[in-house]
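**Student:** Let me begin by handing over the structure; questions about it come next.
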Amino acid sequence: MKRNTILAVVAGIMLAIGFGPYLLLLLVIAPFAYFIIKRKERTAVPRVTYATVEEAKQRYGEPDGVVVLDASRANELLALILFYPNHDIAIIAGEELKLSSLECVMSKNMATPYTIDEYAVIIGTNDPLRPTIELRVGYGAVLAGDIAAQIDAYIQ
């Protein structure tokens with residue numbers, strides 16, 4: 001045996017003596033946890049994302065509806081929600097989601113008593129990997145309510 005291997009075995013034995021059953025329990029549980037995590041990674045559905053509006057238009061054509069979250073960035077995909085009801089697709093902040101998976105929408109003031117913060121539109125989904133989507137929309141309560149109402153019209 002090589003010297004490093006012998007040192008590793010001796011160190012493992014010393015740890016086992018020092019930590020006793022806790023180390024043995026860890027040695028039994030660690031391989032199972034590793035294989036469970038690897039299996040979950042293999043079965044996870046990859047998310048489809050787009051970098052620009054043109055990429056989404058190339059795939060699905062002109063959207064049936066567009067909601068602008070930030071008028072100063074209206075040409076950027078991160079500030080838009082594109083709706084394709086015929087394909088059951090909504091592209092929210094560059095991420096493709098099933099329109100049928102969107103359940104509810106509401107506007108919320110994200111400020112605390114100690115901070116001033118933006119309003120957010122929160123979309124609830126039935127996707128267990130992404131139960132909510134939070135979109136910051138600025139400091140206007142009326143604007144946040146209008147955006148939530150526009151999104152709600154497509155969810156219904």
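**Student:** Do you know which residues across segment 126-153 are open to solvent by less than 70 Å² (accessible area, probe 1.4 Å) and out of contact with any strand residue (DSSP E or B) (no Cβ under 8 Å at 6 or more places or on another chain)?
**Tutor:** Initially, segment 126-153 is screened for residues open to solvent by less than 70 Å² (accessible area, probe 1.4 Å), giving 127, 133, 135, 137-138, 140-141, 144-145, 147-149, 151-152.
Listed by number, the list holds a single entry, ALA149.
**Student:** Moving on to the next point. If ILE122 satisfies every condition in (1) farther than 19 Å from GLN156 by Cα; (2) out of contact with any helix residue (DSSP H, G or I) (no Cβ under 6 Å at 6 or more places or on another chain); (3) free of Cβ contacts under 8 Å to residues at least 60 places away in the same chain but one, which is the exception?
**Tutor:** Of (1) farther than 19 Å from GLN156 by Cα; (2) out of contact with any helix residue (DSSP H, G or I) (no Cβ under 6 Å at 6 or more places or on another chain); (3) free of Cβ contacts under 8 Å to residues at least 60 places away in the same chain, only one is false for ILE122: (1).
**Student:** In addition: Out of segment 101-114, which residues are over 19 Å from the mean Cα position of the chain (by Cα) and farther than 20 Å from VAL142 by Cα?
**Tutor:** If the condition is that a residue be over 19 Å from the mean Cα position of the chain (by Cα) and farther than 20 Å from VAL142 by Cα, then PRO113, TYR114 are the ones that fit.
**Student:** List the pairs whose first member sits in segment 12-41 and is at pLDDT 75 or above, whose second member is assigned to a helix (DSSP H, G or I) and of a type in the set (Val, Ile, Thr), and whose Cβ atoms are under 9 Å apart, counting only residues at least 6 apart or on separate chains?
**Tutor:** Close Cβ pairs satisfying both conditions: none exist.
**Student:** Out of the residues in segment 76-100 that are under 14 Å from the mean Cα position of the chain (by Cα) and of a type in the set (Gly, Ala, Ser), state the one that is surrounded by the fewest Cβ atoms within 10 Å (Cβ to Cβ).
**Tutor:** Checking each candidate, the answer is ALA93.
**Student:** Go through segment 101-118 and give me each residue that's hydrophobic (A, V, I, L, M, F, W, C), surrounded by 12 or more Cβ atoms within 10 Å (Cβ to Cβ) and in a loop (DSSP other than H, G, I, E, B).
**Tutor:** Narrowing segment 101-118 to residues hydrophobic (A, V, I, L, M, F, W, C): 102, 104-106, 110-111, 116.
The next check asks that each one be surrounded by 12 or more Cβ atoms within 10 Å (Cβ to Cβ); those that pass are 102, 104-106, 110-111.
Answer for segment 101-118, where residues must be hydrophobic (A, V, I, L, M, F, W, C), surrounded by 12 or more Cβ atoms within 10 Å (Cβ to Cβ) and in a loop (DSSP other than H, G, I, E, B): MET110, ALA111.
**Student:** Right, next: Restricting to segment 48-72, name every residue that is closer than 23 Å to LEU99 by Cβ and either open to solvent by 100 Å² or more (accessible area, probe 1.4 Å) or assigned to a helix (DSSP H, G or I) (or both).
**Tutor:** VAL53, GLU54, GLU55, ALA56, LYS57, GLN58, ARG59, TYR60, GLU62
The values are calculated or read from the model by the stated rules, or taken from the named source; none is laboratory data. What you see is a predicted model, and the numbers here were worked out from it, not measured in a lab. Using ideal geometry, Cβ is built from the backbone for each residue, glycine included, and neighbour counts are taken over all protein chains shown. Accessible surface areas use protein heavy atoms only, side chains included; no ligands, DNA or RNA. Shrake-Rupley method; radii C 1.70, N 1.55, O 1.52, S 1.80 Å.
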